[in-house]
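Working notes, beginning with the structure itself.
Coordinate-derived values only; no laboratory data. Note that the coordinates shown come from a computational prediction; the quantities given were computed from them, not determined experimentally. Cβ coordinates were reconstructed from backbone atoms using ideal geometry, including for glycine residues, and neighbour counts include every protein chain displayed.
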Amino acid sequence: MSFKSDFPILKNKVREYPITYLDSAASTQKPQEVINSISEFYQNSYENVHRGMNTLSIKATDMFERARENVRSFINANSINEVIFTAGATDSINKISQCLPQILNEGDKIVITELEHHSNYLPWLQIAKKFNFVIEVVGVNENGNVIEQDIIKACDQSTKFLALTHMSNVTGQIIDIKKIKENISSDILIAVDGCQSIAHINIDVQDLGCDFYSFSSHKLYGPSGIGIMFGKEKLLESLEPPSLGGGMINNVSLDSFSYAMLPNKFEAGTPPIEAVAGMNTAIEYLNRLNFSDYFVEEKKLRSTLINHFKSMDEIEFYGYQEDINASSIVSFNVKDKIIMIFQPF
Ligand SMILES: Cc1ncc(COP(=O)(O)O)c(C=O)c1O
């Protein structure tokens, strides 16, 4: 089955050659129906959400909340109250990290790994420094992959929080979150960076057993500027939100206010409504394809690419290891060559 024709950008050529796009781990291209849904929303339904009683506002709010329900079902969250729209994974993780002082005490340990993307590394470092939490970074092996047993070992009595990628954006390694959860204290909260796994694996946050799960829409064929912070309802209920503004209060007077119910409590300010429309269409697109059925095919493609490149001396792999559970991601360099092509279509 070919999906290439769904993506209008791939009909273009770069220097006379058809585009072969191998950078979906950085950001995916967009199917025509996602592009259409954004312009359709602007043309026919645009208004702010949750703020007005006019027809357009009701229509926009209805789309927005249906999208939330679609996300809930996509990740099998228990309730729409657990689905918070954010500006992307980085924003989600920063929001969670800003809440940590409400959960942890001085001296409590946060475990992270060397495998993490900067977005799932720096926010924990910063908050730990400010509030005297202890950070333990589980190192990677010579291939750049992490040993799950090392993560389990690092989770001792002082550990209160574990932040982990589900799928590495560099080596493709897939971390068995469920196994780790089963082998550490149930008191340790687990925040999963799902930026890469969301586009390849059927995600079931209840089965994973995580407390938070973050991802960006632009990695799953949707627009940028929108992402999700999943958090367990009880936990989110107990937390004060890190950002304040319009749309997230129940009552306000000159000297006091009360928060709105979940999920609005965590969504201060006007959200990127058209991006929510696009993300919703991207999720519908993926659901229609039964996208996770292609995971085996993706792995075969990865093996084909690796086997081919192995015979080429000029190719240097980063993080490739035959015996780890990995997705279709592979990082490589063409030695002694800096290829930078900036070519308008
Ligand atoms: C594993 C992982 N985590 C976090 C991020 C950050 O995502 P964003 O830049 O969309 O916020 C990325 C993006 O490359 C990623 O691959």
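Observations on the model:
- Residue count for the stretch 143-170, restricted to those that are within 11 Å of the ligand (Cβ to nearest atom) and not aliphatic (A, V, I, L, M): 4
- Pair list, Cβ under 6 Å, 6 or more apart: the stretch 111-133 residue over 20 Å from Gly88 (Cβ atoms) and in contact (Cβ under 8 Å) with a residue 24 or more places away in the chain, other residue more than 11 Å from the ligand (Cβ to nearest atom) and assigned to a strand (DSSP E or B): Val111/Glu136; Val111/Thr159; Val111/Leu162; Thr113/Val138; Glu114/Val137; Phe133/Ile110
- Single match in Leu208, Leu220, Leu239 (criterion: surrounded by 16 or more Cβ atoms within 10 Å (Cβ to Cβ) and more than 30 Å from Glu33 (Cβ to Cβ)): Leu239
- Test: residue in the stretch 249-256 that is under 28 Å from Lys181 (Cβ atoms) and assigned to a loop (DSSP other than H, G, I, E, B): no
- Checking each residue in the stretch 112-121 for being near the ligand (Cβ under 9 Å from one of its atoms), farther than 11 Å from Val146 by Cβ and buried (at least 20 other Cβ atoms within 10 Å of the Cβ) picks out Ser119, Asn120.
- If you go through the stretch 161-195 and keep only what is closer than 18 Å to Ile75 by Cβ and assigned to a helix (DSSP H, G or I), you end up with Ile177, Lys178, Lys181.
- The one condition from (1) in contact with a Pro (Cβ under 7 Å, 6 or more places away or on another chain); (2) more than 16 Å from the ligand (Cβ to nearest atom); (3) under 25 Å from Val34 (Cβ atoms); (4) not hydroxyl-bearing (Ser, Thr, Tyr) that Ile273 does not meet is (1).
- The requirement of being under 16 Å from Ala89 (Cβ atoms) and aliphatic (A, V, I, L, M) is not satisfied by Leu236.
- Elements of the type strands (runs of 3 or more DSSP E) sitting completely within the stretch 52-148 and holding at least 2 residues that are closer than 24 Å to Tyr221 by Cα and in contact with a Pro (Cβ under 8 Å, 6 or more places away or on another chain): these cover 83-86.
- Condition met for Tyr294 (more than 24 Å from Gly88 (Cβ to Cβ), of a type in the set (Phe, Trp, Tyr) and in contact (Cβ under 8 Å) with a residue 60 or more places away in the chain): no
- When the stretch 283-340 is limited to residues that are assigned to a helix (DSSP H, G or I) and of a type in the set (S, T, N, Q), the one that is farthest from Arg68 (Cα to Cα) turns out to be Asn307.
- Total residues in the stretch 202-259, condition among the β-branched types (Val, Ile, Thr) and within 16 Å of the ligand (Cβ to nearest atom): 3
- Which numbered condition Thr55 fails, given (1) within 19 Å of the chain's Cα centre (by Cα); (2) away from the ligand (no atom under 16 Å from the Cβ): (1)
- Set Lys109, Lys130, Lys95: member being more than 13 Å from the ligand (Cβ to nearest atom) and crowded, with 20+ Cβ neighbours inside 10 Å: Lys109
- Verdict on Glu233 being touching a residue at least 24 places away in the same chain (Cβ under 8 Å) and in contact with a helix residue (DSSP H, G or I) (Cβ under 7 Å, 6 or more places away or on another chain): yes
- Lone qualifier among Ala67, Ala77 - being more than 16 Å from the ligand (Cβ to nearest atom), of a type in the set (Gly, Ala, Ser) and in contact with a strand residue (DSSP E or B) (Cβ under 7 Å, 6 or more places away or on another chain): Ala77
- Single residue of Lys4, Lys13 found to be under 30 Å from Asn333 (Cα atoms), surrounded by 12 or more Cβ atoms within 10 Å (Cβ to Cβ) and away from the ligand (no atom under 16 Å from the Cβ): Lys4
- For the stretch 18-34, the condition of being assigned to a helix (DSSP H, G or I), touching a Gly at 6+ places or on another chain (Cβ under 9 Å) and either without any contact (Cβ under 8 Å) to a residue 12 or more places away in the chain or surrounded by 13 or more Cβ atoms within 10 Å (Cβ to Cβ) (or both) holds for at least one residue.
- Screening Ser328 with (1) under 26 Å from Ser45 (Cβ atoms); (2) in contact with a Leu (Cβ under 8 Å, 6 or more places away or on another chain) gives one miss only, at (1).
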